[in-house]
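The values are calculated or read from the model by the stated rules, or taken from the named source; none is laboratory data. Since the structure is predicted, the reported quantities are computational estimates derived from the model, not experimental observations. Neighbour counts are summed over all protein chains in view; Cβ atoms, including those assigned to glycine, are modelled from backbone coordinates with ideal geometry. Accessible surface areas use protein heavy atoms only, side chains included; no ligands, DNA or RNA. Shrake-Rupley method; radii C 1.70, N 1.55, O 1.52, S 1.80 Å.
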Amino acid sequence: MKVLVVGGGGREHALAWKLGHSAEVSQIYVAPGNGGTAAEPKTTNIEIGAEDIPALLDFARRQKIDLTLVGPEGPLVAGIVDQFNHEQLPVFGPTAAAARLEGSKAFAKKFMQQHHIPTGNYAVFSDLKDAQDYIRSRPAPMVIKADGLAAGKGVMIANEHEQALQCVQQMLSGERFGEAGRHVVIEEFIQGEEASFICMVDGEHVLPMATSQDHKRRDVGDSGPNTGGMGAYSPAPIVDDALHRRILDDIVYPTVRGFAGQGTPYVGFLYAGLMIDAQNNPYVLEFNCRFGDPEAQPILMRMQSDLATLCMAALAGQLDQHDIQWDVRTALGIVLAAGGYPLEACESGAVIKGLPTANELSARKVFHAGTRLIDGKVLTNGGRVLCVTALGNTVGEAQQQAYDLVQQISWPQMFYRTDIGNRALAENG
Ligand code: GLY
């Protein structure tokens, strides 16, 4: 089976790596891939950008690709799945209609309201004066979201009214996020602990991934600016069996039934970003129409089932005939980022030193994100550069193993959080 993975981040490295374990898979292409995917067995990077849908389509047609997996939200929201479906090329991901769940925050909030899915109170604005009046009438903190895609940077938690007023002014004027910010969602701030709940969906049936939790803020103690994620671990101790059941019953199934009911069935990875309040009630903060990054790295390290088989089963509408086997151990991933991330342009081209060879790794894996392999050297090429991931019998052991490996890797201005997994450690050891 020939597989195409679209994207070039850590999530796509983890997907390609996992697909490479499948006896069914003979060849994996990654578009455009990174320095990590360039070195995986059975895997070839191709020079096509993740957003270049005509070129991807042409490649899949010519190479007779049996399965395409789309990592990032951009091409999904832009309709890559619709175009592959139109040419009967097998692709696992939501259509543009279903991907609106991530592509428009206003659509997602309305959808949740219609289907009684628990989420914070909100209002949507395109007029600055109306938005300002609303902000002044609400208690701070509050959450301001650009309606459209903003490369994971479109959400701001405003602790004071002044901050919120400035933020809507910048978004609605187009100064921040361009067209994506011309509508804003202003939302109630819900206090609690975050968890990521990611499932495979075949239009009707749902197969949950192992639970996970990421660290979205840049700095130690969950402070500093929001990022795409500075580290993640799986499982998330906060999601016990009862909460797991509730998330499926109150959030995931109503979402899947809602899309089926409106004639646009949801197929693909479905990611619910949740806030669990002090009474253990789950609320949806956001939906994503894809696997999480960096959640994919620890989750896929724990997955013992064949991912290619599961994707093909999903395309046949047969996820109800499968379950997923998980390594009982905890997996924990630490993102190593370049100086300036996420606020400034990051310097690329620094040589990364100390990367282990495959033979030196035991129950550990360095997933690449912003890297390039040039003349045998791995160079930095983006904000989030690597995700050092380890398995351990306890959270503490996984954390120790991952941080031990981080110590041997370096490049100028590399930085990382030193407390990934500490919350789970406090809860679970
Ligand atoms: N880790 C957050 C995300 O993938 O959106």
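Quick notes on this structure:
- Note on residue 377: lysines with a C-alpha under 24 Å away, same-chain residues under 8 apart excluded, are 18, 42, 353, 365.
- Per-residue ellipticity at 222 nm from helix content only, as computed over the chain with -39500 (n - 2.57) for each DSSP H run of at least four residues, stands at -8500 deg cm²/dmol.
- Of 214, 202, 241, the one that fluctuates the most in a GNM where the chain has Cα springs shorter than 10 Å: 241
- Region 326-429: C-alpha gyration tensor shape, a/c 1.5 cut-off, then a/b vs b/c: oblate
- Counting only protein heavy atoms and a 1.4 Å probe, the chain has 40 square angstrom of accessible area per residue.
- Surface composition of the chain: carbon and sulfur atoms hold 47% of the protein heavy-atom accessible area at a 1.4 Å probe.
- Extended-chain gain in nm, criterion 0.36 nm per residue less alpha-carbon gap, residue 249 and residue 62: 63.1 nm
- Potential lengthening of the chain between residue 42 and residue 2 amounts to 13.4 nm, from the contour at 0.36 nm per residue minus the alpha-carbon distance.
- The Cα-based radius of gyration of region 121-166, divided by its Kirkwood radius, gives an Rg/Rh of 0.94.
- For the options 345, 14, 390, a Gaussian network treatment of the chain with springs between C-alpha atoms closer than 10 Å singles out 345 as fluctuating the most.
- Nearest-0.05 FRET efficiency for residue 87 and residue 316, computed from C-beta distance (R0 22 Å): 0.75
- The shape of region 211-357 can be summarised by an equivalent ellipsoid whose semi-axes, obtained from the alpha carbon gyration tensor, come to 30, 20, 17 Å from longest to shortest.
- For the chain, built as a Gaussian network whose Cα springs stay under 10 Å, the top-fluctuating residue of 350, 98, 146: 350
- Placing a label point 7 Å from the Cα of residue 140 along the Cα-to-Cβ direction, the residues of region 210-224 whose backbone N falls under 18 Å of that point are 224.
- If you sort the three axes of the alpha carbon gyration tensor as a ≥ b ≥ c, you get a/c under 1.5 for the chain, which makes it rounded.
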